[in-house]
């Protein structure tokens, strides 16, 4: 199913529905409410809430202030892995190294769905009246990691 996740009309005052089908929606559309000065300041993350979905998509609906992120989506895969963790108090460092893959302890993806759903909560919680903290972070990281090295630009002061 193609993605149709978007910022909808205002109802009541300064509350906007963010709704639509995501690429992995099964049965019903995603629905969230965001508060903002206008739709332009909203950056919403949607996650399909269906146990029948075999993939885990995260989709973004964004207003004009975050236009570069609008209609972005990605999949997230989890691989059960055992890690070796070393803590060095003297150097104040923590080293985490993957050791080996282990048997999948969540074959029905209950934990996976619960974790992925948190992206919706995080994006809503980090939405202020005038903008999205998460949207600002994603745009900043994208600028720093792609635009600067690939376009010959310098970092902003």
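Tell me, which residue of the stretch 120-134 that is assigned to a helix (DSSP H, G or I) and free of Cβ contacts under 8 Å to residues at least 60 places away in the same chain is nearest to residue 40 (Cα to Cα)? Working first, answer last.
Here is the first cut: in the stretch 120-134, the residues assigned to a helix (DSSP H, G or I) are 120-125, 133-134.
Remaining after also requiring free of Cβ contacts under 8 Å to residues at least 60 places away in the same chain: 121, 125, 133.
On the way: 121: 20, 125: 17, 133: 14 Å.
Among those that are assigned to a helix (DSSP H, G or I) and free of Cβ contacts under 8 Å to residues at least 60 places away in the same chain, it is 133.
For residue 8, the criteria (1) free of Cβ contacts under 8 Å to residues at least 24 places away in the same chain; (2) in contact with a strand residue (DSSP E or B) (Cβ under 6 Å, 6 or more places away or on another chain); (3) assigned to a loop (DSSP other than H, G, I, E, B) hold in every case but one, which is (3).
With respect to being at pLDDT 90 or above and either under 30 Å from residue 52 (Cβ atoms) or exposed (fewer than 10 other Cβ atoms within 10 Å of the Cβ) (or both), residue 126 fits the description.
Results for (1) touching a strand residue (DSSP E or B) at 6+ places or on another chain (Cβ under 8 Å); (2) farther than 13 Å from residue 34 by Cα; (3) assigned to a loop (DSSP other than H, G, I, E, B), shown as yes or no for each residue.
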{"residue": "98", "(1), (2), (3)": "yes, yes, no"}
{"residue": "103", "(1), (2), (3)": "no, yes, yes"}
{"residue": "113", "(1), (2), (3)": "no, yes, no"}
{"residue": "136", "(1), (2), (3)": "no, yes, no"}
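If only residues of the stretch 69-96 that are outside any strand (DSSP E or B) and touching a strand residue (DSSP E or B) at 6+ places or on another chain (Cβ under 8 Å) are counted, the one that is surrounded by the most Cβ atoms within 10 Å (Cβ to Cβ) is 69.
The set of residues in the stretch 34-67 that are in a strand (DSSP E or B) and within 15 Å of residue 117 (Cα to Cα) comprises 44, 45, 46, 57, 58, 59, 60. Restricted to the stretch 36-59, and to residues there that are surrounded by 24 or more Cβ atoms within 10 Å (Cβ to Cβ) and in contact (Cβ under 8 Å) with a residue 60 or more places away in the chain, the residue that is farthest from the chain's Cα centre (by Cα) is 42.
When you look at residue 140, is it under 17 Å from the mean Cα position of the chain (by Cα) and at pLDDT 90 or above, yes or no? Before the answer, list the steps.
Values: under 17 Å from the mean Cα position of the chain (by Cα): yes; at pLDDT 90 or above: no.
No.
The values are calculated or read from the model by the stated rules, or taken from the named source; none is laboratory data. Everything numeric here is computed off the predicted structure, so don't read it as measured data. Glycine gets a Cβ as well: all are built from the backbone with ideal geometry, and neighbour counts include every protein chain shown.
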